[in-house]
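All remarks here apply to the structure that follows.
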Amino acid sequence: MHIPDWAKKKFIMGTHNPYILGTYFKIAGAAGLMIYFWVRWRMHLPHYITKQTNEWVTIDNVTMAKYNFIMDPKTKAKALRKLEKEKLIQVHLIKHSGKAPQVRLIIK
């Protein structure tokens with residue numbers, strides 16, 4: 001499996017099962033892999049006040065771009081739909097609210 005250059009520059013806490021990485025890549029391409037890395041990374045960052053971690057992670061374009069996880073919003077939406085259809089993630093989205101979706105990994 002070919003790992004994109006952007007992925008090689010990111011440190012994601014914990015171990016990663018190559019089968020899971022390959023599954024995310026096979027289902028949704030590089031965007032799926034980027035979503036997986038983003039969610040895994042954000043899951044382990046504690047809240048600045050409560051110091052608790054959260055299993056639901058917001059997938060917003062501004063914050064992702066701030067940390068160089070840049071992707072087209074349509075590509076992101078398409079990848080999220082594919083991953084949800086294959087039951088790799090759960091997506092919480094309030095339709096027509098203008099808010100970014102929240103994602104939880106089912107396969108970690």
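Tabulated data
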item: One residue from K85, K26, K76 being at pLDDT 90 or above and either buried (at least 20 other Cβ atoms within 10 Å of the Cβ) or among the acidic types (D, E) (or both); result: K76
item: Boolean, L93 is surrounded by 11 or more Cβ atoms within 10 Å (Cβ to Cβ) and free of Cβ contacts under 8 Å to residues at least 40 places away in the same chain; result: yes
item: Any hit, the range 53-65, residues being in contact (Cβ under 8 Å) with a residue 60 or more places away in the chain and β-branched (V, I, T); result: no
item: The lone exception for V62 - which of (1) assigned to a helix (DSSP H, G or I); (2) buried (at least 18 other Cβ atoms within 10 Å of the Cβ); (3) at pLDDT 90 or above; (4) not acidic (D, E) it fails; result: (2)
item: Qualifying positions in the range 81-108 - in contact with a helix residue (DSSP H, G or I) (Cβ under 7 Å, 6 or more places away or on another chain) and assigned to a helix (DSSP H, G or I); result: K82, L83
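The values are calculated or read from the model by the stated rules, or taken from the named source; none is laboratory data. From a predicted model like this one, the values you see are computed outputs, not experimental measurements. Neighbour counts are summed over all protein chains in view; Cβ atoms, including those assigned to glycine, are modelled from backbone coordinates with ideal geometry.
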